[in-house]
Every structure is written in C-alpha cells, then in structure tokens.
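Written below as structure tokens is the structure these notes are about.
The values are calculated or read from the model by the stated rules, or taken from the named source; none is laboratory data. Every value quoted in this text rests on a predicted model; they were computed, and no experiment measured them. All Cβ positions, glycine included, derive from the backbone under ideal geometry; neighbour counts span all protein chains shown. Accessible surface is based on the protein model in full, side chains and every heavy atom, while ligands, DNA and RNA are left aside. Shrake-Rupley method; radii C 1.70, N 1.55, O 1.52, S 1.80 Å.
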Amino acid sequence: MKIFIDSANLEDIEEGVSYGVVDGVTTNPSLIAKEGADIHSRIRQICEIVDGPISAEVVATEWEEMVEEGRDLSQIHENVVVKVPVGPEGLRAAKKLREENIDTNVTLIFSPSQALLAAKAGASYVSPFVGRLDDITQPGMEMVRDIVQIFQNYDFATQVLVASVRNPLHFLEAAKMGADVATLPVAVVRQLLKHPLTDIGLEKFLADWHKASELR
Ligand code: G3P
C-alpha cells in the first residue's frame with residue numbers, strides 16, 4: 001500500500017519523508033489555507049520534497065472553471081494530480097481532464113456509488129473520507145471495503161486513496177482491504193511506529209547492556 005502525507009506543512013512532509021515511507025502527498029483548500037501559503041508556490045515546494053503524486057484541489061464550482069484551474073495546477077509539476085469534488089460538475093471536469101491526459105483525484109467521496117461513477121468518468125484516484133463518516137457514526141471503512149470490491153469486480157484502473165484517516169486502525173484496515181493508498185497526517189505515522197512493548201524491550205536491552213558493561 002502506498003502512503004501519502006495529508007498535509008501542506010513542509011515540516012510534516014519532510015518528517016514523513018525522513019522515515020522512508022512516503023510515496024506522495026495530498027492537500028486540500030483547508031490544508032493550504034492553514035499554512036497561509038500561495039497554492040502554486042506551496043505545491044511546487046512539495047513537489048521538490050516528494051517525488052510522487054501531489055494532489056492539489058481546485059476551488060471553482062463550475063466544471064469549465066474546474067478544468068481551467070486543473071490545467072493551471074497541472075502546469076506546476078508533472079507529478080501534480082488535480083483534485084476535484086465528486087458531483088455533476090466534478091465528474092464533467094474529471095472526464096475532460098482525463099481526455100487531456102491530466103490525472104485527477106475525485107475527492108469528498110462518501111459512498112461506493114460516488115466512487116464507481118468517478119472511476120467510470122476516468123478518475124486516477126478516488127478519495128473516500130473515512131474519518132468524517134465515523135464522526136457521524138457511519139462505518140467509514142465499510143465504504144472502503146465496498147469500493148475495493150467494486151473496483152476489483154470491474155478491474156478499474158482507478159486507485160482507491162483512503163482519506164480522512166484519523167488513527168492506526170483506519171490505516172491497518174485499509175491495508176488489509178487492499179486499498180491502493182492511505183493518506184494520513186504525519187502524527188498518525190508516528191502512532192503507527194509506536195508500541196509499548198517495543199519501548200519496554202529496548203529499555204531492558206539497554207539496561208542489560210550497560211549493566212554488563214559496568215561489570216567488565
Ligand atoms: O485531505 C483530505 C482528507 O484526508 C481530509 O481529512 O481529517 O480533514 O477529514 P479530514
């Protein structure tokens with residue numbers, strides 16, 4: 001499974017890259033706004049840090065303007081993937097961008113049906129938001145299981161990019177289900193690396209080592 005960092009913060013992205021586990025980055029308008037950065041310069045900076053797919057989202061709401069924005073964003077770097085929201089306008093934009101050989105990530109997906117239609121429209125990635133479904137007591141990972149199954153049934157090339165990942169369980173279940181990508185905050189990456197028995201074991205190794213060293 002590929003791991004993307006879900007952030008526009010350069011330090012967070014660099015930390016994830018330092019662990020040797022990062023294959024790409026996803027951003028969204030809120031993440032860009034949080035940094036107070038210009039999207040073009042920030043996406044260009046991210047492309048210089050990570051040699052992989054970098055998602056940059058349009059903010060237009062009409063498909064023609066989405067396409068214009070998408071063309072502009074795709075000019076930043078060859079690794080840019082244009083994010084468009086699922087819906088009538090987003091699918092029209094995704095179809096047109098596909099015809100122009102521009103990769104898209106159809107986002108804000110909350111049902112398997114939305115994912116299926118986005119794949120048929122030619123999306124390179126679909127982004128089901130699992131955490132936001134969990135937030136309203138709907139099992140987000142069940143949606144991912146259905147999407148993975150549907151895409152396998154019809155051999156779609158579109159990749160399932162699990163988003164709104166809030167905890168290690170989301171990540172583990174995504175991997176077990178065969179999702180193509182999970183995008184997550186670097187804080188979740190840190191959580192994935194932690195285990196109390198690892199800490200306890202290392203502490204004992206070092207204590208035994210130093211004790212023996214003192215006896216020599
Ligand atoms: O960036 C898309 C998605 O990962 C956002 O996650 O935590 O804002 O629901 P979240």
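What the table shows:
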| item | result |
| --- | --- |
| Those residues of the stretch 105-118 which are buried (at least 19 other Cβ atoms within 10 Å of the Cβ) and within 16 Å of the ligand (Cβ to nearest atom), in sequence order | ASN105, VAL106, THR107, LEU108, ILE109, GLN114, ALA115, ALA118 |
| Every residue from the stretch 165-216 that is hydroxyl-bearing (Ser, Thr, Tyr) and assigned to a loop (DSSP other than H, G, I, E, B) | none |
| Unmet criterion (only one of (1) in contact with a strand residue (DSSP E or B) (Cβ under 7 Å, 6 or more places away or on another chain); (2) of a type outside the set (A, V, I, L, M, F, W, C); (3) farther than 25 Å from ALA174 by Cβ) for ASP23 | (3) |
| Exclusive hit being within 16 Å of the ligand (Cβ to nearest atom), open to solvent by less than 30 Å² (accessible area, probe 1.4 Å), over 16 Å from VAL186 (Cα atoms) and of a type in the set (S, T, N, Q), set SER55, SER7, SER74 | SER55 |
| Subset of the stretch 12-71 (residues that are under 17 Å from the mean Cα position of the chain (by Cα) and free of Cβ contacts under 8 Å to residues at least 12 places away in the same chain) | GLY20, SER30 |
| Flag for ALA94 being part of a loop (DSSP other than H, G, I, E, B), at pLDDT 95 or above, closer than 26 Å to ASP51 by Cβ and open to solvent by less than 10 Å² (accessible area, probe 1.4 Å) | no |
| Sole exception among (1) within 15 Å of the ligand (Cβ to nearest atom); (2) under 30 Å from GLY20 (Cα atoms); (3) assigned to a loop (DSSP other than H, G, I, E, B) for VAL82, by number | (3) |
| Qualifying residue in the stretch 135-149 (condition: out of contact with any Lys or Arg (no Cβ under 6 Å at 6 or more places or on another chain), within 16 Å of the ligand (Cβ to nearest atom), at positive phi and hydroxyl-bearing (Ser, Thr, Tyr)) | yes |
| Search result, residues across the stretch 74-101 that are under 20 Å from the mean Cα position of the chain (by Cα) and more than 23 Å from PHE129 (Cα to Cα) | SER74, ILE76, HIS77, GLU78 |
| Candidate set from the stretch 119-134 (those that are of a type in the set (A, V, I, L, M, F, W, C) and surrounded by fewer than 23 Cβ atoms within 10 Å (Cβ to Cβ)); member that is farthest from the ligand (Cβ to nearest atom) | ALA121 |
| Residues of the stretch 109-130 classified as under 15 Å from VAL81 (Cα atoms) and within 15 Å of the chain's Cα centre (by Cα), total | 5 |
| Single unsatisfied condition, GLY20 versus (1) surrounded by fewer than 17 Cβ atoms within 10 Å (Cβ to Cβ); (2) outside any loop (DSSP other than H, G, I, E, B) | (2) |
